Amino acid sequence: MSKALVVTIILVISVFITISCSKDNGGGGGSTTLDCSTVTNKAYAANISPIIQASCNVAGCHAAGSVNGPGPITNHAQVSASASAIRTAVSSGRMPQGSTLTTAQKNSILCWIDSGAPNN
């Protein structure tokens, strides 16, 4: 085998491994479409805030004083103001870093945002 062929094979394998190990789940950068009429857990106070507090509003991420991404997301006003960025990050699987959300949690966040991010 020629050296160029070996390098090409190694490059192809490296790209394949990189793509297959990516956390991106094909969410399309925030263009995920889902039927929100079947999602019942989309109230901010009861459902969204606890997810954000446990998964995002933590030291080193988006707690008070954060400069990461949209900054702190500790209350409804901050979360609502960052809704578009949150939707993109959650639907693509980029966030939360270091952990994952269940499908139900993701759907709750996405449907809450799609319904206008109400303070309910």
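Here are the numbers:
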| item | result |
| --- | --- |
| Per-region count, the range 92-120, residues touching a helix residue (DSSP H, G or I) at 6+ places or on another chain (Cβ under 6 Å), outside any helix (DSSP H, G or I), within 19 Å of Gly69 (Cβ to Cβ) and of a type outside the set (Gly, Ala, Ser) | 2 |
| Counted residues, the range 48-76 - those being of a type in the set (Val, Ile, Thr) and more than 13 Å from Pro96 (Cβ to Cβ) | 3 |
| Residue among Ala54, Ala63, Ala89 that is over 13 Å from the mean Cα position of the chain (by Cα), not in a loop (DSSP other than H, G, I, E, B) and not polar (S, T, N, Q) | Ala54 |
| When residues of the range 46-100 are limited to those that are under 13 Å from Ala117 (Cβ atoms) and hydroxyl-bearing (Ser, Thr, Tyr), the one most open to solvent (accessible area, probe 1.4 Å) | Ser84 |
| Residues of the range 84-120 satisfying the condition of being touching a residue at least 12 places away in the same chain (Cβ under 8 Å), of a type outside the set (Ser, Thr, Tyr) and more than 17 Å from Asn41 (Cβ to Cβ) | Ala85, Ala89, Gly93, Arg94, Met95, Pro96, Gln97 |
| Output for the range 106-120, where each listed residue is out of contact with any His (no Cβ under 9 Å at 6 or more places or on another chain) and crowded, with 19+ Cβ neighbours inside 10 Å | Lys106, Asn107, Ser108, Ile109, Leu110, Cys111, Trp112, Ile113 |
| Residues of the range 55-80 classified as closer than 19 Å to Asn120 by Cβ and free of Cβ contacts under 8 Å to residues at least 12 places away in the same chain, total | 3 |
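The values are calculated or read from the model by the stated rules, or taken from the named source; none is laboratory data. Just so it is clear, the model here is predicted, and its values are computed rather than measured. Cβ atoms come from the backbone with ideal geometry, glycine included; neighbour counts cover every protein chain shown. The protein model used for the area step is the full one, side chains on, heavy atoms only, and it has no ligands, DNA or RNA in it. Shrake-Rupley method; radii C 1.70, N 1.55, O 1.52, S 1.80 Å.
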